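What follows is calculated from the coordinates using simple rules that are stated; it is not laboratory data. All figures in this text were calculated on a predicted structure; none of them were measured in a lab. Virtual Cβ from ideal backbone geometry, glycine too; neighbours counted across all protein chains shown.
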Amino acid sequence: MQPSKKKWKDFTPTQRGLVIAGAVVQITLLALAQRDLAVRPEEEVRGPKWLWRIVTLINFVGPLTYFCCGRRKMSIN
């Protein structure tokens, strides 16, 4: 027997706030990662940009992975 899914009305106000906050953080991370990919030169990205665009769609993990591992640090001369 599967447990019944909670409906939005079943959440407490605190739980609703946490869900909304989590969604805002996730959407913000996605938007920042996609914008960074749009303006960053190809040579400053590890791997193909199209692949990173797909990876950033994976919840929180994708954008965080991109920001940690997907960008090359360029030296300033």
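Summary table
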| quantity | calculated |
| --- | --- |
| Residues of type lysines that residue 49 reaches as a straight line, Cα spacing below 21 Å, ignoring anything fewer than 8 places off in the same chain | 73 |
| Whole-percent pair-distance distribution, where bins are 10 Å wide, for the alpha carbons of the chain | 17, 36, 21, 16, 8, 1, 0 |
| Around residue 29: net Lys/Arg minus Asp/Glu count, Cβ-Cβ under 13 Å | 0 |
| Cα-centre dipole for the chain with unit charges at Cβ (Lys and Arg positive, Asp and Glu negative), debye to 20 | 260 debye |
| Proximal charge balance of residue 43 [Cβ under 15 Å; K/R count +1, D/E count -1] | +3 |
| Environment charge of residue 71, counting only residues whose C-beta is closer than 10 Å and scoring Lys/Arg +1, Asp/Glu -1 | +2 |
| Residues whose placed amide H lies under 5 Å from that of residue 11, excluding near-sequence neighbours | none |
| Nonlocal amide H pairs with residue 45, under 5 Å, H built at 1.01 Å | 72 |
| Calculated from backbone phi, Karplus (6.51, -1.76, 1.60) coupling profile of the range 7-13 in Hz, x at Gly/Pro | 9, 3, 5, 7, 6, 6, x |
